[in-house]
Amino acid sequence: MVLSFFGLVWYCVKGYNLMVGFFIMSVVWTAVALIGNAISPTGAMEGQTWVSVLTNVFQTGPENYGKAILVNVFFGAFFGRILIDTGIAATLIRKVVELGGDKPRVTMSLLCIVTAVIFTSMTGIGPVISIAVIVLPIMLSLGIPSPIALFSFMGSIMAGIFGNIVNFKQYQAIFATANESYASYDYNAYFAFGMIAMAVSLIVVLIVANLSMNKKKISRAWAATTPEEENKGDAPAISWIAIILPVIGVVAFKIPIIFGFIVAGLFALWTCGKLKGGFANICRMLSKQFADGAIDVAPMIGFLLTLAMFNNAATYASPYFKILFGGFMPQTALMLCIVFAVLTPLGFFRGPMNLVGSGAAILAVVVSTAAWPVQFLYPLFAVTTVAPQHLDVTQSWVAWGFGYTKVPARDYMKMSIPTGWIIGVILCAVVFVMYGNLV
């Protein structure tokens, strides 16, 4: 099992398909646990047959995960598509450019703030590209060097993801499958830390971007217009609040998130005059937006389903990891925060500190060796997952950005890796201050 774990780390670092990788790991860990139980029975498989074990891993796992997360992901992606099709996101960006004028640093900062706010609700490579083809040409036209433009844009997305409801639900489901008692943890309990993490991340990104600009000569480059947007009218000002309506609904009124996405989406369509043309046309439009959103997140869905298999397989492997590593795991909140802060760079390249990578195995080990409160443990894993992953060269939209801007990966990583580590250190300290007393 230990050898297979390091094999998974290598597999993730190489950038191979995660859905296939986690399915293979599920098979390996289940098989090894069944063999081990046949030799020396453990409590994890007590009263179960080999058929019930296979059912729990490969059937019950994905089914329960689907109930917990998939519908939230689909409706979140649907809402993201509405924000793009109505032009609300593009309008906000254009207004920011008008406000910043021809001051590169001011405009870059404003664009990053708006992008971060937008991605508290939007997710998926489709929405990212749709925003990127507006934002990046504007930054480049102001003379911002392409590596800095790409880094600041991707960094602002990363900051927004800290407050993103869909991503929260994704990681929450991973925790719930690792320990059923963690299922009660909700977005309201996380919200305060999420907003602090978003603000800290954005500030660090902007500081690094501005310091990097001091070392480079600013020269004008592309035209500030984007052909696909320049002839479109602005979305009405009242429609702009649609971007934060889901968050307001969940936090202030505690409404279900799916209902929040639907209401916010319909509000955006209504205020932008899109609910016209007859009932049949409106139905076709909504169907297309949902289908487009589903395409945006389809690869992530496949990964999440096989991850559910892996998490259930990890429950059978946990007795062995507890014996092997139980004596090495930190037993105090301070030590665990220090370990996570030091090891934050291991969240890059889908490494062992990244939940959306081999970090799911680390979570299984941590949960099996100590009874950590989820209010403390979840933010720690969010730090080492969100910051490295969304600045990482293995992230799909970052890889797309390299091709779009012709930025060498080396120039980008000189800023992204130190930034991710700095953010990790600061936020791990924040976690200890906010939640360390719960341990």
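The values are calculated or read from the model by the stated rules, or taken from the named source; none is laboratory data. Please read these numbers as outputs of a predicted model, since none were measured by experiment. Virtual Cβ from ideal backbone geometry, glycine too; neighbours counted across all protein chains shown. To get the accessible areas, we keep the full protein, side chains included, count just its heavy atoms, and leave off ligands, DNA and RNA. Shrake-Rupley method; radii C 1.70, N 1.55, O 1.52, S 1.80 Å.
So which of ALA237, ALA192, ALA199 ends up being small (Gly, Ala, Ser), surrounded by fewer than 13 Cβ atoms within 10 Å (Cβ to Cβ) and modelled with pLDDT of 90 or more?
Exactly one residue qualifies, and that residue is ALA192.
Look through region 39-61, keep the residues that are part of a helix (DSSP H, G or I) and at pLDDT below 85, and return whichever of them is least open to solvent (accessible area, probe 1.4 Å).
Residue satisfying both the conditions and the ranking: GLY61.
Which helices (runs of 4 or more DSSP H) does region 339-439 wholly contain that include 3 or more residues that are over 24 Å from TRP29 (Cα atoms) and of a type outside the set (D, E, K, R)?
Output list reads 374-389, 396-405, 409-435.
Quick check on VAL430: is it hydrophobic (A, V, I, L, M, F, W, C) and either surrounded by 19 or more Cβ atoms within 10 Å (Cβ to Cβ) or over 24 Å from TYR182 (Cα atoms) (or both)?
no
Exactly one condition in (1) under 14 Å from the mean Cα position of the chain (by Cα); (2) closer than 27 Å to GLY143 by Cα is not met by LYS414; state its number.
Checking LYS414 against (1) under 14 Å from the mean Cα position of the chain (by Cα); (2) closer than 27 Å to GLY143 by Cα, the one that fails is (1).
Quick check on region 263-303: of everything there that is among the charged types (D, E, K, R) and at pLDDT 80 or above, which residue is nearest to ILE24 (Cα to Cα)?
Top of the filtered list is ASP292.
Can you confirm whether region 309-327 contains a residue that is open to solvent by 30 Å² or more (accessible area, probe 1.4 Å), at pLDDT below 80, of a type outside the set (Asp, Glu) and closer than 24 Å to TYR187 by Cβ?
Among the residues of region 309-327, not one is open to solvent by 30 Å² or more (accessible area, probe 1.4 Å), at pLDDT below 80, of a type outside the set (Asp, Glu) and closer than 24 Å to TYR187 by Cβ, which makes the answer no.
Just one of (1) out of contact with any Gly (no Cβ under 9 Å at 6 or more places or on another chain); (2) buried (at least 20 other Cβ atoms within 10 Å of the Cβ); (3) not aliphatic (A, V, I, L, M) trips up PHE119, so point out which.
Against the list (1) out of contact with any Gly (no Cβ under 9 Å at 6 or more places or on another chain); (2) buried (at least 20 other Cβ atoms within 10 Å of the Cβ); (3) not aliphatic (A, V, I, L, M), PHE119 comes up short only on (1).
Rundown of residues vs (1) touching an Asp or Glu at 6+ places or on another chain (Cβ under 8 Å); (2) open to solvent by less than 10 Å² (accessible area, probe 1.4 Å); (3) among the basic types (Lys, Arg), yes/no style:
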{"position": "MET139", "(1), (2), (3)": "no, yes, no"}
{"position": "SER146", "(1), (2), (3)": "no, no, no"}
{"position": "PHE153", "(1), (2), (3)": "no, yes, no"}
{"position": "SER156", "(1), (2), (3)": "no, yes, no"}
{"position": "ASN164", "(1), (2), (3)": "no, yes, no"}
{"position": "LYS169", "(1), (2), (3)": "no, no, yes"}
{"position": "ILE174", "(1), (2), (3)": "no, yes, no"}
{"position": "THR177", "(1), (2), (3)": "no, no, no"}
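Which one of VAL20, VAL106 is in contact with a Gly (Cβ under 7 Å, 6 or more places away or on another chain), part of a helix (DSSP H, G or I), modelled with pLDDT of 80 or more and surrounded by fewer than 17 Cβ atoms within 10 Å (Cβ to Cβ)?
None of the other options fit; the residue is VAL106.
Name, by its number, the condition in (1) in contact with a Pro (Cβ under 7 Å, 6 or more places away or on another chain); (2) modelled with pLDDT of 90 or more that does not hold for LEU142.
The single condition LEU142 does not satisfy is (2).
Counting only residues that are charged (D, E, K, R) and either modelled with pLDDT of 70 or more or in contact with a helix residue (DSSP H, G or I) (Cβ under 6 Å, 6 or more places away or on another chain) (or both), which one in region 216-234 is farthest from GLY260 (Cα to Cα)?
Ranking the candidates gives GLU229 first.
Residues to consider are ILE258, ILE295, ILE338; find the one that is of a type in the set (Val, Ile, Thr) and under 30 Å from ASN437 (Cα atoms).
Selected residue: ILE338, the only one of ILE258, ILE295, ILE338 that is of a type in the set (Val, Ile, Thr) and under 30 Å from ASN437 (Cα atoms).
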